Amino acid sequence: MSKQKKGGIIDRSLNIVEKVGNKLPHPITLFFILAGLTLVLSWVVSQLGLSVEHPGTGETIEAVNLISRYGIRRVFSEAVENFTGFAPLGTVLVAMLGVGVADSSGLIKATLKKIVLGAPDRYITAAVVFAGIMSNVASDAGYVVLVPLGAIIFAAKGRHPLAGLAAAFAGVSGGFSANLLVSTLDPLLAGITEEAAQLMDSTYTVAPTVNWYFMIASTFLVTFVGTWVTERIVAPRLGEYEGEYTEKLEELTELEAKGLRSALIWLLVAVAGIAALTVPQNGILRSDAGEIIMGATPFVQGMVPMIALFFFVPGLAYGLKTGTIKDDSDVADAFSKAMSDLGMYIALAFAAGQFVAYFGWSNIGTILAINGAEFLQAVNFTGLPMIIAFIIVAGFINIFIGSASAKWAIMAPVFVPMLMELGYSPEFTQLAYRIGDSVTNIISPLMSYFAIIIAFAKKYDEKMGIGTLISTMMPYSFAFMFVWIIMLIVWFTFGLPIGPAGRLFY
């Protein structure tokens, strides 16, 4: 893969990060090494007797020695569970069954022809970043679907596929909190914020929409910044693509056009079927209380199978219309090919699953997070400097604890009451947290989907390492944080509403 090594300070810094990172072993080997180091570190930390009190539950959390009778038993007895229970694994495998049919039938390529050939080149990057942000309404589906599609779209335009992958990854993960719609994350965070606020005011309630206005504006901001970083920093640094992968799109044939119309009709049928199960007040996919996205409802928990269905049904319709799918054997072959293409990721998932599990068992991440929160509280900042410091600390903790809800469950009981005492609303505190929680996702090897992004990238560059991916994504991370903080300061200065039922001050 050719790169243009420039002499600017940004390029030199990123080249150093890439060089150091790529000296690390193969990602699979690295995750096994990290798992082993975590075992050793757990022993060291436990010998130091480190412990913290959970600010929400009051429970004393101690470092757990995994090089012990208890720990070694868990390492062996739960190895399979660590693998099969690795959060992204099931999501990826199930979603890719539907995507595999759509791909093998030719639907994805035909759709790309329709979109890419008719779209001006100057809008492609913005469209990829924007689509990545909007994919968050379907939870984690964007990682599986849009990130590889971003690479394919750029390759079809004759551009470096890794630039497209980076743009999509930046939108999906770096802009995780932004959206034009209320996503599944909003009610999850709102519930934790409400519990923390009630430590100060037992009657306080927090609606899922309290950050909506700010997140709508953030969608356009992140799209603009992500596009700028891609065009001005990432794409020039990657240079011309000299790999073996090619993606040439010719004009749609009449048969392909008919296939697309059939696919669209059946996609609408599938959407209508899901709507029929969801929209009625007693819909099957609603919770017993009638909720659609509030809590772990059947609709929310069934999002991944729905995504698979929304690829499978139109993919099958397209294949039957164009003749690329003739019988059930062709469908089975599509399933098999989709799984075989994920061989590298499945191996990565086993290694990463062990590492993530060991890190969680050791309680090192939780101790680090709570100590970081207590440090920030002890600094005794006030006003906007306090908010900015809070965002930076949240972003730092995010590198070690990927789950947005797990981090917020730790941080909210500390910061929500503390900032309420200073006059800031729980909604505003939650808003600041969401910025920090989003911007460092794309540079954290502990982020659940980091392994699959590397697997996708290796399709275009077999030598892709963690260093290359992190150095590619760092400009997005820093740019998002800087501009998002500026936006928050402007919003705060002018006292703009942050969402329905949301306010800045308590």
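The values are calculated or read from the model by the stated rules, or taken from the named source; none is laboratory data. What you are looking at is a predicted structure, and each value in this text was computed from that prediction instead of being measured. FYI the Cβ positions are ideal-geometry reconstructions off the backbone, even for glycines, and counts take in every protein chain you see. For accessibility, only protein heavy atoms count, side chains too; no ligands or nucleic acids. Shrake-Rupley method; radii C 1.70, N 1.55, O 1.52, S 1.80 Å.
Take the conditions modelled with pLDDT under 85, more than 21 Å from residue 424 (Cβ to Cβ), buried (at least 18 other Cβ atoms within 10 Å of the Cβ) and not polar (S, T, N, Q) and apply them to residue 345. Does it pass? So residue 345 fits the description; yes. Of the helices (runs of 4 or more DSSP H) entirely within region 398-491, those holding at least 1 residues that are open to solvent by 20 Å² or more (accessible area, probe 1.4 Å) occupy 404-421, 450-457.
From 326, 321, which residue is open to solvent by 20 Å² or more (accessible area, probe 1.4 Å), in contact (Cβ under 8 Å) with a residue 60 or more places away in the chain and over 20 Å from residue 491 (Cα atoms)? Can you show your working first?
On the way: 326 fails: in contact (Cβ under 8 Å) with a residue 60 or more places away in the chain.
Matching residue, one of 326, 321: 321.
Among residues belonging to region 38-53 that are of a type in the set (A, V, I, L, M, F, W, C) and exposed (fewer than 14 other Cβ atoms within 10 Å of the Cβ), point out the one that is nearest to residue 75 (Cα to Cα).
To start, the set of residues in region 38-53 that are of a type in the set (A, V, I, L, M, F, W, C) comprises 39-41, 43-45, 48, 50, 52.
This time we only want the ones that are exposed (fewer than 14 other Cβ atoms within 10 Å of the Cβ), so: 40, 44, 48.
Working: 40: 13, 44: 18, 48: 22 Å.
For region 38-53, the residue satisfying everything is 40.
Any chance you could count how many residues in region 375-387 are open to solvent by less than 50 Å² (accessible area, probe 1.4 Å) and at pLDDT 80 or above? Even if it seems obvious, please write down each step before you answer.
Taking region 375-387 first, the residues open to solvent by less than 50 Å² (accessible area, probe 1.4 Å) are 376, 383-384, 386-387.
Cutting the leftovers down to at pLDDT 80 or above gives us 384, 386-387.
Number satisfying all stated conditions: 3.
Condition check ((1) modelled with pLDDT under 95; (2) more than 18 Å from the chain's Cα centre (by Cα); (3) among the aliphatic types (A, V, I, L, M)) across all residues:
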residue	(1), (2), (3)
175	yes, no, no
186	yes, no, no
198	yes, yes, no
212	yes, yes, no
226	no, no, no
243	yes, yes, no
248	yes, yes, no
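Kindly evaluate residue 392 against the criterion of being open to solvent by 10 Å² or more (accessible area, probe 1.4 Å), within 14 Å of the chain's Cα centre (by Cα) and among the β-branched types (Val, Ile, Thr). In short, no.
Out of curiosity, is residue 125 in a helix (DSSP H, G or I) and either modelled with pLDDT under 85 or open to solvent by 10 Å² or more (accessible area, probe 1.4 Å) (or both)? Lay out the reasoning, then the answer.
Working: in a helix (DSSP H, G or I): yes; either modelled with pLDDT under 85 or open to solvent by 10 Å² or more (accessible area, probe 1.4 Å) (or both): no.
Answer is no for this residue.
Can you tell me which residues in region 226-260 are farther than 20 Å from residue 471 by Cα, touching a Leu at 6+ places or on another chain (Cβ under 9 Å) and not charged (D, E, K, R)? Within region 226-260, 249, 252, 259, 260 meet the criteria.
Looking at region 256-305, which of the residues that are open to solvent by less than 50 Å² (accessible area, probe 1.4 Å) and of a type in the set (S, T, N, Q) is nearest to residue 192 (Cα to Cα)? That would be 297.
Can residue 308 be described as out of contact with any Phe, Trp or Tyr (no Cβ under 9 Å at 6 or more places or on another chain), more than 30 Å from residue 51 (Cα to Cα) and open to solvent by less than 30 Å² (accessible area, probe 1.4 Å)?
Working: out of contact with any Phe, Trp or Tyr (no Cβ under 9 Å at 6 or more places or on another chain): yes; more than 30 Å from residue 51 (Cα to Cα): yes; open to solvent by less than 30 Å² (accessible area, probe 1.4 Å): yes.
So residue 308 passes the test.
Within region 332-342, the set of residues being part of a helix (DSSP H, G or I) and open to solvent by 20 Å² or more (accessible area, probe 1.4 Å) comprises 332, 333, 335, 336, 337, 339, 340. Checking each residue in region 260-275 for being in contact (Cβ under 8 Å) with a residue 24 or more places away in the chain and of a type in the set (A, V, I, L, M) picks out 260, 263, 264, 265, 267, 269, 270, 271, 274. If you take the residues in region 71-82 that are exposed (fewer than 12 other Cβ atoms within 10 Å of the Cβ) and within 23 Å of residue 44 (Cβ to Cβ), which one is farthest from the chain's Cα centre (by Cα)? So the residue we want is 73.
Across region 256-296, the qualifying residues are those that are β-branched (Val, Ile, Thr) and part of a loop (DSSP other than H, G, I, E, B), and the one among them that is nearest to residue 107 (Cα to Cα) is 279. Exactly one residue out of 439, 414, 393 is under 15 Å from residue 193 (Cα atoms), at pLDDT 75 or above, hydrophobic (A, V, I, L, M, F, W, C) and out of contact with any strand residue (DSSP E or B) (no Cβ under 6 Å at 6 or more places or on another chain): that is 414.
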